[in-house]
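Step one of this worksheet: look at the structure below.
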Amino acid sequence: MDGGPWGSAAPIVDPFGREITYLRVSVTDRCDFRCVYCMSEDMTFLPKRDLLTLEELDRVCSAFVRMGVRKLRLTGGEPLMRRNVMQLIHSLGRHLDGGGLEELTITTNGSQLSRFSEGLYAAGVRRVNVSLDTLNPEKFKDITRWGQFAQVMAGLDAAQVAGLMVKVNMVALRGVNDDEFDAMIAWCGERGFDLVIIEVMPMGDIGEDRLDQYIPLSMVRQKIECNWTLTETDYATGGPARYSIVEETGGRIGFITPLTHNFCESCNRVRLTCTGTLYMCLGQEDAADLRAPLRGEAGDARLEEAVREAISRKPKGHDFVIDRRRGAVSVPRHMSVTGG
Ligand code: SAM
Ligand code: SF4
């Protein structure tokens, strides 16, 4: 191994010629919220003994960085609820300075950002995605069930003070927040936040009917364009969102449309669960176990081999569908397991 302070290995390329450069890691499936589109209120979580330790998570992420991953996103569940997660984040930050990693980020519900924003910045994190579906505190309670709106607002303030750039993720929910796009665009513009609107995806049984929640983003966009001028840009973050500039605010708005517009052709990512299962596609069941090779030997040869074998099975794309014949769930696992 050579090619830099942490060594390097051959890049990982899937059967369709897509180089895998982006890893999302769910560091815990647990969460302090119970968002209605993500979890049922009485979720059963994975036994703690099945989780990869922080050291194991570091090892597997580092192996991916050696194999060409340049962007690492920690997610969950709520990543900042994992005990001692800052140790992991600080440790992964070592790959940023000339170590191959270009970006280390997290997706969070924002509840813990007051505590952790400074530490995140110190570890090398520069951008965070914060999920916020409404600016109305009562609706926020209805959507998150257990979330505290004021805590998230304080977290967002802390993130900005610490110097973190914020992207707000808003899941479009019919009859719930579909009257708030204008308010959200204006507020994000004032705060200097990017906004990404996400279509609700049929993942996991949540005890509610997804058909009631779903609005196609084509409709959302039409609605938004009645009041705002959107100019397409080629700005890209390595993720599936397509961005436009909102001319009136100068802010960016992105749309993630897994159901109405398939973004699989350019998919460069894979997802690791907190128990070491690698999913090659968010919308497919096929997976590979990395925990056994990780625990099977002190070195990483078997781990790397398992990763390459898994990527050789990366499917061309997903086939999410929300329709009545197939029922509302096309992927049985929850987003909090694979990491959104
Ligand atoms: N807890 C963190 C958070 O909420 O940002 C990280 C994990 S959460 C699973 C990641 C993202 O997935 C959030 O933006 C959330 O809104 C989104 N999400 C969860 N379930 C979803 C679903 N069924 N469809 C679309 N987005 C979903
Ligand atoms: Fe928790 Fe995030 Fe799922 Fe909401 S979307 S329940 S905050 S994991």
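The values are calculated or read from the model by the stated rules, or taken from the named source; none is laboratory data. The shown structure was predicted, so the numbers you read here are calculated from the model rather than taken from an experiment. Here the Cβ is made from the backbone with ideal geometry for all residues, glycine too, and neighbour counts use every protein chain on show. Calculation scope for accessible area: heavy atoms of the full protein, side chains included, ligands and nucleic acids excluded. Shrake-Rupley method; radii C 1.70, N 1.55, O 1.52, S 1.80 Å.
Volume per residue for the chain equals 129 cubic angstrom (convex hull of Cα atoms). Rolling a 1.4 Å probe across the protein heavy atoms gives the chain an accessible surface of 42 Å² per residue.
Remark on the chain: Cys31, Cys61, Cys188, Cys226, Cys264, Cys267, Cys274, Cys281 stand apart, with no other cysteine beta carbon under 4.7 Å. Candidates Cys61, Gly99, Asn129 compared by Cα position along the dipole of segment 40-170: farthest toward the positive end lies Gly99, with charges placed on Cβ. Within the assembled protein chains, the solvent-accessible surface assigned to Glu285 is about 100 Å², based on a 1.4 Å probe.
Rounded to the nearest 10 square angstrom, Glu180 shows an accessible area of 20 square angstrom against a 1.4 Å probe.
Count Lys and Arg as plus one, Asp and Glu as minus one, and take only other residues whose Cβ is under 15 Å from that of Thr249; the net charge is then -3. If you take all other residues with their beta carbon under 10 Å from the beta carbon of Leu46, and give Lys and Arg +1 and Asp and Glu -1, the sum is +1.
Compared with the dominant Cα axis of the chain, that is its longest principal axis, helix 181-191 is turned about 60°.
Ranked by the mean number of other Cβ atoms within 10 Å per residue, highest first, peptides 97-104, 12-19 order as 97-104, 12-19. Atom-type composition of the exposed protein surface of the chain places 51 percent of the accessible area on carbon and sulfur (1.4 angstrom probe). Per-residue Karplus couplings for segment 142-157, computed as 6.51 cos²θ - 1.76 cosθ + 1.60 with θ equal to phi - 60°, are listed in order as 5, 6, 8, 6, 10, x, 10, 4, 4, 5, 5, 4, 5, x, 5, 4 Hz, Gly and Pro entered as x. With q set to 0.14, 0.17 Å⁻¹, the log10 of I(q)/I(0) for segment 104-168, from the Debye formula over equal scatterers at the Cα positions, is -0.36, -0.52. Overall shape: prolate for segment 268-312, with the ratio a/c of the largest to smallest alpha carbon gyration tensor axis at 1.5 or above and a/b above b/c. Which of rounded, prolate, oblate describes segment 28-104, given a ≥ b ≥ c as roots of the alpha-carbon gyration tensor eigenvalues and a/c under 1.5 marking rounded, otherwise prolate only if a/b is larger than b/c? Cα axes put segment 28-104 in the prolate bin.
Distance from the Cα centroid of segment 1-79 to that of segment 133-167 is 24 Å (rounded to whole angstrom). What the phi angles of segment 275-287 give under the Karplus curve with 6.51, -1.76 and 1.60, with θ = phi - 60°, is a coupling list of 9, x, 8, 9, 9, 7, 8, 4, x, 10, 7, 4, 8 Hz, glycine and proline written as x.
Along its principal axes, segment 118-217 has C-alpha extents of 42, 28, 24 angstrom, given from the largest down. Each Cα pair under 8 Å and six or more residues apart adds its sequence gap; the mean of these over the residue count of the chain is a relative contact order of 21 percent. Sorted into 10 angstrom bins from 0, the C-alpha pair distances of segment 1-149 split as 11, 36, 31, 17, 4, 0 percent.
Taking the Cβ of Gly147 as the center, what net charge do the other residues with Cβ under 14 Å away carry, scoring Lys and Arg +1 and Asp and Glu -1? Surrounding charge for Gly147 is -2. Accessible area ranking (1.4 Å probe, heavy atoms, ligands and nucleic acids excluded), largest first, for Lys167, Lys48: Lys48, Lys167.
Sequence-ordered 3J(HN,Hα) estimates for segment 31-37 from the Karplus curve with 6.51, -1.76 and 1.60 and θ = phi - 60° stand at 7, 8, 10, 9, 4, 4, 8 Hz, glycine and proline given as x.
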